[in-house]
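The values are calculated or read from the model by the stated rules, or taken from the named source; none is laboratory data. What you are looking at is a predicted structure, and each value in this text was computed from that prediction instead of being measured. FYI the Cβ positions are ideal-geometry reconstructions off the backbone, even for glycines, and counts take in every protein chain you see. In case anyone asks, the SASA skips ligands and DNA or RNA and just uses the protein heavy atoms, side chains included. Shrake-Rupley method; radii C 1.70, N 1.55, O 1.52, S 1.80 Å.
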Amino acid sequence: MDQKELEYFKNILNGWLAELLGQADRTVISLKEPGDFLPDPLDRAAYETDRSFALRIRDRESFLINKIRQSLEDIEDGVYGVCESCGHEISAKRLRARPVAQHCIVCKTKMEQQERITGT
């Protein structure tokens with residue numbers, strides 16, 4: 001992968017990371033707002049459901065943030081775009097679709113098939 005492509009993916013990953021961290025900050029601020037001011041039990045239940053949903057989303061996004069940080073580290077280490085399983089280059093097309101991909105499509109397909117068989 002040439003330097004121009006690496007810069008392209010680095011910019012995408014940094015933008016994505018900034019967006020996710022901004023959303024996380026907004027969630028933290030909104031969670032600090034007390035919900036006990038809602039006198040109606042249905043309103044309070046809806047508020048708590050929304051809060052719970054937001055926390056689940058942020059939890060999933062925290063995994064994505066870690067993957068983005070790992071990909072940025074891989075760029076710095078010169079191993080970005082190399083499959084962790086087989087060592088072959090991950091196609092640019094796959095990386096454009098999934099910039100945090102750590103496996104080539106062949107290895108990822110095999111892994112997913114194995115997961116279906118074992119149920120893990």
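Of all the listed residues (L13, L72), the sole one being closer than 24 Å to M111 by Cα, touching a residue at least 60 places away in the same chain (Cβ under 8 Å) and either among the acidic types (D, E) or in a helix (DSSP H, G or I) (or both) is L72. The requirement of being among the charged types (D, E, K, R), over 19 Å from the mean Cα position of the chain (by Cα) and open to solvent by 50 Å² or more (accessible area, probe 1.4 Å) is satisfied by E89. For the structure I just gave you, tell me whether E84 is surrounded by fewer than 17 Cβ atoms within 10 Å (Cβ to Cβ), more than 13 Å from L6 (Cβ to Cβ) and more than 15 Å from the chain's Cα centre (by Cα). It is true that E84 is surrounded by fewer than 17 Cβ atoms within 10 Å (Cβ to Cβ), more than 13 Å from L6 (Cβ to Cβ) and more than 15 Å from the chain's Cα centre (by Cα). Annotation: of all residues in the stretch 82-100 being in a loop (DSSP other than H, G, I, E, B) and of a type in the set (D, E, K, R), the one that is nearest to N66 (Cα to Cα) is R98.
In the set I65, I117, which member is under 18 Å from the mean Cα position of the chain (by Cα) and of a type in the set (V, I, T)? When all the criteria are applied, what remains is I65. Hey, any hits in the stretch 94-106 for a residue that's surrounded by fewer than 15 Cβ atoms within 10 Å (Cβ to Cβ), farther than 14 Å from I12 by Cα and touching a residue at least 12 places away in the same chain (Cβ under 8 Å)? Within the stretch 94-106, one or more residues are surrounded by fewer than 15 Cβ atoms within 10 Å (Cβ to Cβ), farther than 14 Å from I12 by Cα and touching a residue at least 12 places away in the same chain (Cβ under 8 Å). Say we look at the stretch 1-26 and pick out the residues that are surrounded by 14 or more Cβ atoms within 10 Å (Cβ to Cβ) and either touching a Phe, Trp or Tyr at 6+ places or on another chain (Cβ under 6 Å) or among the charged types (D, E, K, R) (or both); which of these is farthest from A101 (Cα to Cα)? Only one residue tops the list, namely E5.
Within the bounds of the stretch 101-108, is there any residue that is of a type in the set (K, R) and assigned to a helix (DSSP H, G or I)? Yes; the residues of the stretch 101-108 include at least one that is of a type in the set (K, R) and assigned to a helix (DSSP H, G or I). Tallying residues that are modelled with pLDDT under 85, within 30 Å of Q102 (Cα to Cα) and open to solvent by 100 Å² or more (accessible area, probe 1.4 Å) within the stretch 27-66 yields 0.
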